[in-house]
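The block underneath contains the structure these notes are about, expressed in structure tokens.
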């Protein structure tokens, strides 16, 4: 087996890994990305594709805003693939008074923290923009410019432009051991032995396993499979991505007229065998809410249900930063809301690996925050 | 959630295998539920037999074999098995929870044992023009006879296989006019075929019946054998069918109704989505769920019977349903003593002609993969063979990855129309065997389910008897 020497090795071909590979390669770094299956095969390729700043944990907003800067100029980064991002507006409505109170409180918190992207709007505004809505709302939170993307295509886009900038991408390449020597890492894989000065762990639901192989922190990462359904094609009635305050629902209508309904209802995942379950009845409440918002959706036929394996952290915030071991960096644990963050995380990780200061603080995502 | 009812045995599909199993299991006092998606029991073979029986003199063209089903259906009605009709099962979990929808509401039931007897489906025949209005499957043509007691006058039949000849024979006896019969079977019999025919003599009756149909068809229709390059054309609907006859001459027949058939394959969507292991059957060119002689699948407590476990015909289906029910009774009430040899022999006898028939009517590749680049392969996403070839050439390893590249198989038919064709195309491109390519990863809901039905599970509701 030949030894392949690299400056930087990224483990994991999801959006975080591919975006990191892209930013590093663009800056002329010698970078290789290895993926145990295929690019975008798991959560990054099969998520709902929500590109939203709305509803983010306040600690996560700066990262989300930084990522949005990249999304808004995506064409400059990934070219043609950018057409698979569809900006519109994102609306999270309150369906009762309790929801309204939570929403108003949220709007107040945000404005106190100085954020202006997410605002409260009243029902008349909502009805005017969504004339097909079947129910009055109690107002809602709105972000202009948030939207949705075809996730697999975006990941593919970052992978392909990374390659164009000289990154190597190797699929079907599972890591079996990670050993730290004086100033380099030796990585044993299904496709031979690699050496690298820096290793970036973007292995999603499998990332805690990679950390364990590297003798890094023990991460309390859990794997679940958030479920989604897509319906048959229906007349266009929904020009926004929608959610409901205090409920797990995300709802959008694709250009084909198909509705995608999800929102993070989790099913069982077995990452060791790449298997995730779907249990449709768990989605019944989401379906009920969706049909309440638009009665037309009740008649739509569920064409497919799927799920992808995702890694969750106990505080629902990602791990981004340096590991315990020198030359090891982490970017995982996005707890089912990492797709929009991807480009921002890629940029920040590229900064970190190159010894530069990222443009936003990563303090809230410190890898050692669960170490007693 | 709906009421969680509990049964000893739940049977999916009230065709010959499902009904036979229900009768047998009820005899042994098992609490049995049968879920069937049609308004009337009988499956494909005995479709609408209760209704048609009152009219059996007028409908004699359906043939003796059809009427034999009446006894089984009567036994089923006399059994204690509960039937929920118009119930579409869209998910079975490993814990043997069954989810189904019926009349706009969704429900769940729990069973100790599950028997999946969802039968077969026709193998699609993707030739140029196969998606035009006016083109139907031969099974569809037969359904018209059984459900509506009517057929189509002036159609062309193209294809081969037992159901092909049977249906044409039924059309002729019913007095319907047929423009022509275009037989796609490669007619030359090899030594291989003759060797296969020896055990088939155990089912001599069946063979003779087949020969009788075929000779009747030859005498009473314009019949073309050993044809190649069949294609259908028409601007908005089927207008004509062209082909090259056995002498190498191009022929064109005008008809607005064209019925196609290339045999049947197990309907594996439910068994695959339930996570049962499957294997590729090179003789029948399709996937079969792995079962033992009793029909037990790789998932404990889940059985498969009838053509859904491999095409073997109605006699074998009834036997397999009974065998599975007996085995389930043994598991639930007393230790197994059933003779494996006896059941192996019975099974063999009921399917003795199958290897011969499989070989005789094995569809050549031209009928499984379009010979023309412009022919639609994936109907739901309107993808031509050329679109799929292009995606495959980008380095697609299997049908599941192909979905990401071109959306093939992601529509509402869930790959029923394109799955086997795509699998073959990927195998050919990579020079691998079909069994190494694998099939679409199938996921629930495997039957039509509306958002409203799924939403109804958030409330209490009770299925209609």
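Every number here is computed from the coordinates shown, using simple stated rules; none is lab data. Keep in mind the model is a prediction, meaning the values are calculated, not measured. Here Cβ is always computed from backbone atoms with ideal geometry, including for glycine, and neighbour counts include all displayed protein chains.
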Calculated FRET efficiency for the pair residue B:344/residue B:68, C-beta based, R₀ 22 Å, to 0.05: 0.35
Cα gyration tensor category, rounded, prolate or oblate, for chain A with a/c compared to 1.5: prolate
What is the extension gain from residue B:244 to residue B:193, computed as 0.36 nm multiplied by their sequence separation minus the C-alpha to C-alpha distance, in nm to one decimal? 15.9 nm
Tell me, what is the FRET efficiency for residue A:30 and residue B:112 to the nearest 0.05, using R0 = 41 angstrom and their Cβ-Cβ distance as r? 0.10
Counting other chain Cβ atoms within 10 Å of each Cβ in A:271-282 and taking the mean gives 4
What share of the DSSP beta bridges in chain B is antiparallel, in percent to the nearest 5? 50
Along each principal axis, Cα extent of the protein assembly as shown, largest first, Å: 87, 62, 62
Can you figure out the FRET efficiency of residue A:354 with residue A:188, using R₀ = 41 Å and their beta-carbon distance, to the nearest 0.05? 0.95
222 nm mean residue ellipticity, helices alone, for chain B (DSSP H n ≥ 4; -39,500 (n - 2.57); rounded to 500): -9500 deg cm²/dmol
Using a 10 Å cut-off on Cβ to Cβ distances, tally the other chain neighbours for every residue of B:402-414 and report the average as a whole number. 3
Largest fluctuation, A:34, A:210, A:102 only, Gaussian network model of chain A with Cα springs under 10 angstrom, belongs to A:102
Could you work out the helix-only [θ] at 222 nm for chain A, with each DSSP H run of four or more residues adding -39,500 (n - 2.57) and the total divided by the number of residues, to the nearest 500 deg cm²/dmol? -8000 deg cm²/dmol
Under the classification rounded if a/c is under 1.5, otherwise prolate if a/b is larger than b/c and oblate if not, where does segment B:3-148 fall, given a ≥ b ≥ c as square roots of the Cα gyration tensor eigenvalues? oblate
Between the modelled labels at residue A:76 and residue B:428 (7 Å from Cα along Cα→Cβ) the distance in nm is 4.8
For segment B:22-62, report the convex hull volume of the alpha-carbon atoms normalised per residue, in Å³, without decimals. 94
By its C-alpha gyration tensor, with a ≥ b ≥ c as the square roots of the eigenvalues, how is segment B:366-432 shaped: rounded for a/c under 1.5, else prolate for a/b larger than b/c, else oblate? rounded
Kirkwood-based Rg to Rh ratio, chain B, C-alpha trace: 0.96
Mean Cβ-within-10 Å packing, highest first, puts peptides A:245-254, B:146-155 in the order A:245-254, B:146-155
Could you work out the relative contact order of chain B? I mean the mean sequence separation of Cα pairs under 8 Å and 6+ apart, divided by the number of residues, in percent. 20
Taking each residue of B:437-448 in turn, how many C-beta atoms of other protein chains fall within 10 Å of its C-beta, and what is the average? 3
Can you tell me, using C-alpha contacts under 8 Å and at least 6 residues apart, the relative contact order of segment B:366-432 as a whole percent? 35
How far is the Cα center of segment B:241-274 from the Cα center of segment B:276-305, in Å? 26
Any idea how far apart residue B:435 and residue A:109 come out in nm if each label point goes 7 Å out from Cα toward Cβ? 5.8
Can you order the peptides B:126-139, A:154-167, B:300-313 by their average number of other Cβ atoms within 10 Å per residue, highest first? B:300-313, A:154-167, B:126-139
Sort A:65-76, B:282-293 for me by packing, meaning the mean count of neighbouring Cβ atoms within 10 Å per residue, highest on top. B:282-293, A:65-76
Using only the alpha-carbon atoms of segment B:124-262, report the extent along each of the three principal axes, biggest first, to the nearest angstrom. 48, 38, 27
